[in-house]
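Heads up: the structure comes next, in structure tokens.
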Amino acid sequence: MVCVGNVNIGGGGKTPTVIEIVSRLHESAQRPHILSKGYGGSLKGPVQVDPVTHSADQVGDEPLLHAAFAPTWVARDRLRAGRAAAAAGATIVVMDDGFQNPDLSHDLSIIVANSAVGFGNGRVVPAGPLRESVEDAVSRADLIVTIGSETEHETLMRKWPQLRGVPGVRGDVEVLPTGMDWDGQRVLAFAGIAHPRRFYETLRGLGADVAATRSFPDHHRYGPALLRRLEGEAARIDAQLVTTEKDAVRLPPFYQKRVLSLPIRVVIRDDAALGEKLDDVLGVRRNSP
């Protein structure tokens, strides 16, 4: 089982990292399934996510994104979900956001860190932004994925030398081609994710004219009244509404057709360490009785 998690409360790039790992496992002729707690969803599970019939209110936003890449299970009880995945034919399981969960043993434990954000003041909640200390987390990690520029990565490593004791790789966020020409496109960008600033910067990097931004809490649920207000604001400044792929799945179906989304993926650079770790896991699983 591959576990992908954070030290920080909130997002740090886990979702696109899970998608990248699942894609690599497919290339190795594996049948990966994804496990998620389904944060923000009402279903306790275990239930396999069906993007056609399930909504984000039922299973959470991240599982809806994951389900396009591999069979995805939502459950409060990760052990039951793992057993359900195995019974359904999974040859390997990738758990999204379970680094601090002891219910399942981890063949490979990966920490994902947003290198622009880092670990704040290094303190655990409520004094800081962390779920546990950096030292404790690193002591259980097999690999660290930092997402950001080379400069941001180097700054993070200087500030937190504890990370150097664990193999690490760097990931870049890349926008998938959609046929949309963002250059000069006037937009009102909104997001309910942990770190929306990078989303806005990505749009500007594509050449979009970001006329206004609106940020909401992570996993925010968008009601009709709020969306009508956003539409009105966009109309007044002659801008197109745009949001993240993760936010888009939380929109009512009617608004999903009226709001543009920006699909992104994580591309791992100098990925020998990740390849070796995945090969080790697959080798262990092939040789296990």
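The values are calculated or read from the model by the stated rules, or taken from the named source; none is laboratory data. Model, not experiment: these values are computed from the prediction. Methodologically, a virtual Cβ is constructed for each residue, glycine included, from the backbone with ideal geometry; neighbour enumeration extends over all protein chains shown. Heads up: the accessible areas ignore ligands, DNA and RNA and are worked out on the full protein's heavy atoms, side chains in. Shrake-Rupley method; radii C 1.70, N 1.55, O 1.52, S 1.80 Å.
Would you check which residues across segment 43-76 are open to solvent by less than 20 Å² (accessible area, probe 1.4 Å) and either in contact (Cβ under 8 Å) with a residue 24 or more places away in the chain or in a loop (DSSP other than H, G, I, E, B) (or both) and list them? If the condition is that a residue be open to solvent by less than 20 Å² (accessible area, probe 1.4 Å) and either in contact (Cβ under 8 Å) with a residue 24 or more places away in the chain or in a loop (DSSP other than H, G, I, E, B) (or both), then Val49, Ala56, Gly60, Asp61, Pro63, His66, Ala70, Thr72, Val74, Ala75 are the ones that fit. Just name the residue that is modelled with the highest pLDDT out of those in segment 77-123 that are assigned to a helix (DSSP H, G or I) and either open to solvent by less than 20 Å² (accessible area, probe 1.4 Å) or in contact with a Ser or Thr (Cβ under 9 Å, 6 or more places away or on another chain) (or both). Ranking the qualifying residues of segment 77-123, first place goes to Ala85.
Within segment 183-196, being within 20 Å of Leu230 (Cβ to Cβ), open to solvent by 20 Å² or more (accessible area, probe 1.4 Å) and free of Cβ contacts under 8 Å to residues at least 60 places away in the same chain holds for Gln185, Arg186, Pro196. Under the condition of being touching a residue at least 12 places away in the same chain (Cβ under 8 Å) and charged (D, E, K, R), which residue from segment 201-218 is most open to solvent (accessible area, probe 1.4 Å)? The residue in question is Arg214. Just so you know, in segment 195-229 the residues that are of a type in the set (Asp, Glu) and not in a loop (DSSP other than H, G, I, E, B) include one that is farthest from the chain's Cα centre (by Cα), and it is Asp209. Is it true that some residue in segment 219-240 is in contact (Cβ under 8 Å) with a residue 40 or more places away in the chain, within 30 Å of Val145 (Cα to Cα), open to solvent by less than 50 Å² (accessible area, probe 1.4 Å) and not β-branched (Val, Ile, Thr)? Yes; the residues of segment 219-240 include at least one that is in contact (Cβ under 8 Å) with a residue 40 or more places away in the chain, within 30 Å of Val145 (Cα to Cα), open to solvent by less than 50 Å² (accessible area, probe 1.4 Å) and not β-branched (Val, Ile, Thr).
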